[in-house]
Every structure is written in C-alpha cells, then in structure tokens.
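What follows draws every value from the coordinates through simple rules; no lab data is involved. From a predicted model like this one, the values you see are computed outputs, not experimental measurements. Virtual Cβ from ideal backbone geometry, glycine too; neighbours counted across all protein chains shown.
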Amino acid sequence: MLSTNDDLKDAYLLKERYRSFNLTASYDTCDDELNQLIDLFRNHKLAGMRSFGRTLNNWRDEIKNSFLVYDKRRISNGPIESVNNKIKTVIKTSNGIKSYNRLRNKIMYAINKDIPIKNK
C-alpha cells in the first residue's frame, strides 16, 4: 500500500520514527531527537503533519517530562485515568441513585473489589 503513494509512505515513515523515539528515548537524550522530529514534522508537505509538528513544539516540555523514570517505570497518568473511567461508568449505569452514600459505596466497590466491605 505504501508503494502506491509517496506522501503516504513519507507520512508513515515519519510516524514510525516518532513511535521509535517514544519507545527508546530517555530523559537525558531526548532533546536533540525531539528537535529533529519537530523540524521534520513542521516542514512536511502535508498539512496534518505540520499541525502535529506544532503540537509537538507546544508540548515539548511535557513530552520531555514523559521520559522521567520513577520506580523503574515511566511516569504516566494512565492508572488514574482508568479509575476516572470506572467512576464515570458507575455513575452512568447507576440509574439515578438518589442516595449519595449508596452511590459512593457502589463507586468504592467498583474501584476496590478486593478490599472487604465493613459495616458501620
């Protein structure tokens, strides 16, 4: 498929270069590679790629900070987003529970299924 359109091939290869950068870079070494990627995206002939280059430039510090490692793992907001999603799902499926305590208990159970429930 890539051989049918040069623009598609260029965009794909640039996207793969960004993916590789995101998987292999470290906090100390990411500046130069990120700057090169931003230049490549911002000077690309496709408008969508140029737009992505501006996005990379606007979020440069945040992208660099995403390579920070804590406790042998890159820092991510993924776990808290998962909890937020569970809470939203419980609220949507609770069919208008009027009691705050019941809704709260339902949310707490959905988030902490492995913790036993205590009676007051």
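Against the test of being under 30 Å from N112 (Cβ atoms) and in contact with a Leu (Cβ under 9 Å, 6 or more places away or on another chain), the options R60, R74, R17 yield a single qualifying residue, R74. Taking the criterion of being under 22 Å from I75 (Cβ atoms) and among the charged types (D, E, K, R), the residues of the stretch 11-51 that qualify are R19, D28, D31, D32, E33.
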